[in-house]
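S.K.: The structure is given below, and queries will be raised subsequently.
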Amino acid sequence: MDDKAFRPSMDVHRDEKAITITADLPGIKEDDIKIVVKDGQLKISGKREEHTEKKNEDGSSFYTERRFGSFQRSFQLPEGTTTDGINAALKDGVLQVSIPVPASTEVVNEHQIPVSKL
């Protein structure tokens, strides 16, 4: 894996009611995040674009630690998960996706989850 690739940190928590995925996405707008459920997986993808900064005379940066680019993460959903009740919200650079724990065995088809601003 490229050490300079943008790979946001994500946590997954499950209790008796829901699976919650929390992702640190600083500097990413809700329009730049896509969440899709397809073939039993929840896929979170997005991008953080590099902003123009003051650079040295030769066009190079003096020092850069921030990472930019596209990312995609996939999470296997439990059998029987449906798209009903899946919610996603972005607040202060933290994305939270809540997935109700399945009560049935209905097959999941492709469905995009909208991201709202809190």
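The values are calculated or read from the model by the stated rules, or taken from the named source; none is laboratory data. Just so it is clear, the model here is predicted, and its values are computed rather than measured. Cβ sites come from the backbone with ideal geometry, for glycine too, and all protein chains shown count toward neighbours. Quick note on the areas: whole protein, heavy atoms, side chains included, nothing else; ligands and nucleic acids left out. Shrake-Rupley method; radii C 1.70, N 1.55, O 1.52, S 1.80 Å.
Okay, residues lined up against (1) under 19 Å from SER116 (Cβ atoms); (2) at pLDDT 85 or above:
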position: ASP2; (1), (2): no, no
position: PHE6; (1), (2): no, no
position: ARG14; (1), (2): no, yes
position: THR22; (1), (2): yes, yes
position: GLU30; (1), (2): yes, yes
position: ILE35; (1), (2): yes, yes
position: GLY46; (1), (2): yes, yes
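S.K.: In segment 103-118, which residue that is open to solvent by less than 40 Å² (accessible area, probe 1.4 Å) and not in a strand (DSSP E or B) is modelled with the highest pLDDT? Full working, then the answer.
M.R.: Of the residues in segment 103-118, the ones open to solvent by less than 40 Å² (accessible area, probe 1.4 Å) are 108, 113, 115.
Then keep just the ones that are not in a strand (DSSP E or B); that gives 108, 115.
On the way: VAL108: 55, VAL115: 92.
Applying the filter and picking the extreme gives VAL115.
S.K.: Has segment 83-102 got any residue that is at pLDDT below 85, in a loop (DSSP other than H, G, I, E, B) and open to solvent by 50 Å² or more (accessible area, probe 1.4 Å)?
M.R.: no
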